[in-house]
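Structure record follows, encoded as structure tokens.
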Amino acid sequence: MIDKNLDIIYNKKYLVIVPSMSKDLLEAFKYSFKNVILMKNNLDDLDFMTDFINKNNFKKIIFVDYQVEYEQLIGRLKVEPKIDFIFTKSLGTLTDKFIYDVFIKVYELYKQYDSSLGLLDKGLFDSLKKTENVKYLCLDIEENKFNEEKNKENNIIGLLNNEADPKHSFYNELSAIKLIGDLEAKIFKPSKTTKEFLKTFKIDYITVSSIDQLLTNNVVNLYINFAANNNTIFLKSMDNAIPCILGNTDILDDYRFLKEMLVVNSDDSIDEIADKITLAIKNKDRICKEYKKFRADYAKKSKETVESFLDLKIYSKKQEENDELLMTVVVPVYNVENYLAKSLDSIIEASVDNMEILIINDGSTDNSEKIILDYQKRYPKLIRYIKQENHGLGNVRNVGLKEAKGKYIASIDSDDTINVEFFEQALKYLKEDIDIVIYDWLTVTDETKFETAALDYIFSDINRYEGLLYTTIMPSACNKIVKKSLYKELELTYIEDKFEDLSANPFIMLRAETIKYINKPYYEYYIRSNSIMRTKPGLSMIDIIKIVNDRIEKYKDYINVDIEKFKYYTFSWRIEEYVINQLYTIDENEIDNYIKYINDNLKSIIIDMFNNSLYKNRIDNLKTLELKEYVINRNKAFEKGELNKFIKKVRKNSSYSKLTPPIIYYGD
């Protein structure tokens, strides 16, 4: 169930919107669909849901049953998810005018939006199954393992029906109990009329004040009706090892013994109901044994029908390991003796319970190890140390993933620092099992300090998830606390070269379903003259973009975003800044080999970028006509294989122009 009170950014394949409904049915939706949210029929909830869907990332919205606010909500959406519908009532209940009108509304919307329609009732499904995109849904609940000790009573019969519903067989069930004798009825808050009935016919009974009390500690339960059988009630009873007698239903059609023991053919026959009660008591052990097979089959069937209805490829989650700690802070170290102590002090000052600091020394040749050993001696329970030969930052991040004992991983570079609140602010969300917590940066140079937001302002009022996904600092591991299992689910590792974060973290962002963004600059990023991002990229960016493109293809069925849009924001400015703009400054004798390397590895990717509708729109709307003409001519030269000639000419005349990240993102 999605919690409306947590300020979380959602990136989910679908959202199921349910109206107010019975506790049992809501439980089944929550268990079967997971991504469920309750929408009340009032204007406040309509406003909330409009904002909620517009600012989060859902590929599909599924509306359950009908309320007038659904149509208003659809009309207010700025996003365009696929829309589907589910109707929960049975064929037999359509004799009720109100329920029939609700069904007609749902059916009309399903037709209007070219949707899929899910039906919980097999009879209604059989009536409509030849209609396009109508699918049967079998909802499940979490299984309660058999516990015979809870059911010691041998003469109490639980009545699970709604006594006020004329379609239910409530008084016939009571009459059958009287017919057998020596049995006591258990009833949930009986009405005055029912009490008079019980008194008149001298039927022994006890009352209970909760549904859980009604379901348990009985020898048999009765849920006999012919219009609205609730599978959830049957499952709860049987999961408690209490045989549950049903009316005419097809749920047990493939289980001959269970059908013979538990299904009555006529709810009007008091004798038949009495016979079934007697049979169920006599054969209880075998019924429970046979039910175990049914239960396994039912769970499988439910999963299959839900997945078929969703019609989405969902990356299967692997079983999470039982991590020893809540969090591991990975600190890569390579020749940072001048900054390491300050970095470690900030991490230690910010530390919380149930975490470790994993320092990985990647072959430092300065005094870094001496500093590490001193801190490890001072904080032996907090700090763990690994020393290795130099392999590069990507390798260190992979070692951290492998060696971490925490459920979550935070990565702090050893020449940076963090705010004292970095971990404390995240704790609430880590305990809520959020996938990622993200902070802003405080960028620090020799001359100044300035904040760098992790959520781009141009997206903040449109789609918060995209606002995090498309910022220039998105790939960084350092402003995030990430659930370790995300890497394992994707079998994802970092490349062992420059820009290693770009090879993995975009896919972690794409995989994450829940993100907490804390709008505070708690990661303190220092720009120094020898920083990797201040040095010439060389061929590394070409390699990494090719790797990212290949990984997009690998994971495309599980990516919950517009891939063209993702590539535009992930590739365009990097290709301009770190690939094409390098051609204006590299040695002239390197140009031919550099362009050959681009063509061999990135040509199709760059041409796709030139044809990307977002890129073309940005170029078309450049305010500077000279820059627009320059870029168009440059791109044509690249596509014709004449980039060498074009670059050498503009370099010679100093007539070249550059597209910068701000121009690509925001225009000039």
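Numbers below:
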quantity: Hydrodynamic radius of the stretch 557-631 per Kirkwood, over alpha carbon pairs, in Å; calculated: 13.9 Å
quantity: Contact order relative to length of the stretch 599-668, as percent, for alpha carbon pairs under 8 angstrom and 6 or more apart; calculated: 35 percent
quantity: Kirkwood hydrodynamic radius (C-alpha pairs) into Stokes-Einstein, the stretch 1-110, 4 °C and 1.567 mPa s, D in µm²/s; calculated: 89 µm²/s
quantity: Semi-axis lengths, Å, the stretch 278-412, gyration tensor of Cα atoms, sqrt of 5 times eigenvalues; calculated: 52, 19, 12
quantity: Rg [Å, one decimal], Dmax [Å, integer] - the stretch 299-372, C-alpha atoms; calculated: 21.7, 62
quantity: Residues of the chain: accessible area per residue with a 1.4 Å probe, Å²; calculated: 47 Å²
quantity: Amide H partners (placed H, <5 Å) of Tyr517, local residues excluded; calculated: Ile9, Ile438
quantity: Cut-off 18 Å, label 7 Å out along Cα→Cβ of Leu312, residues of the stretch 1-32 by amide N; calculated: 1-4, 8-19, 29-32
quantity: Residue-by-residue Karplus 3J(HN,Hα) for the stretch 399-415, coefficients 6.51, -1.76, 1.60, Hz, glycine and proline x; calculated: 4, x, 4, 6, 8, 4, 9, x, 5, 10, 10, 10, 10, 10, 5, 7, 10
quantity: Over the chain: helical MRE at 222 nm, DSSP H runs n ≥ 4 each giving -39500 (n - 2.57), nearest 500; calculated: -13000 deg cm²/dmol
quantity: Two-site FRET efficiency, Glu108 against His391, from Cβ-Cβ distance with R₀ of 60 Å, rounded to 0.05; calculated: 0.45
quantity: All lysines inside 18 Å of Lys130 as judged from Cα atoms, apart from same-chain residues fewer than 8 positions distant; calculated: Lys111, Lys122
quantity: Estimated inter-spin distance, Lys282 and Asp253, nm [label 7 Å along Cα→Cβ]; calculated: 2.9 nm
quantity: Globularity ratio of the stretch 360-482, using Cα Rg and 2.2 N^0.38 Å; calculated: 1.22
quantity: Efficiency of FRET between Lys554 and Lys97 - r from beta-carbon atoms, R0 60 angstrom, step 0.05; calculated: 0.65
quantity: Ranked by how many other beta carbons lie within 10 Å on average, peptides 619-632, 37-50, 493-506 from highest; calculated: 493-506, 37-50, 619-632
quantity: Relative packing of 215-223, 249-257, which averages over residues the other C-beta atoms within 10 Å, highest first; calculated: 215-223, 249-257
quantity: Residue-wise HN-Hα coupling along the stretch 22-28, computed from phi with Karplus coefficients 6.51, -1.76, 1.60 (Hz; x: Gly, Pro); calculated: 4, 4, 5, 5, 4, 4, 5
quantity: Within straight-line cross-link reach of Lys628, lysines at Cα separation under 23 Å, skipping those fewer than 8 residues along the same chain; calculated: Lys565, Lys567, Lys603, Lys616, Lys636, Lys640, Lys645, Lys648, Lys649, Lys652, Lys658
quantity: Hull-based mean projected area of the chain, where the convex hull spans the alpha carbons, in square nanometres; calculated: 36.6 nm²
quantity: In the stretch 355-490, lysine pairs closer than 19 Å at Cα, eight or more apart or cross-chain; calculated: 29
quantity: Separation in nanometres of the label points that stand 7 Å from Cα toward Cβ, at Lys652 and Lys129; calculated: 7.6 nm
quantity: Length-normalised contact order of the chain in % [C-alpha pairs under 8 Å, at least 6 apart]; calculated: 10 percent
quantity: Gained length - Ala164 relative to Asn367, 0.36 nm times residue gap less alpha-carbon distance; calculated: 65.0 nm
quantity: Percent of beta bridges antiparallel (DSSP, the chain, rounded to nearest 5); calculated: 20 percent
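The values are calculated or read from the model by the stated rules, or taken from the named source; none is laboratory data. None of the values given here were measured: they were computed from a predicted structure. Methodologically, a virtual Cβ is constructed for each residue, glycine included, from the backbone with ideal geometry; neighbour enumeration extends over all protein chains shown. Keep in mind that these areas ignore ligands, DNA and RNA; they rest on the heavy atoms of the full protein, side chains included. Shrake-Rupley method; radii C 1.70, N 1.55, O 1.52, S 1.80 Å.
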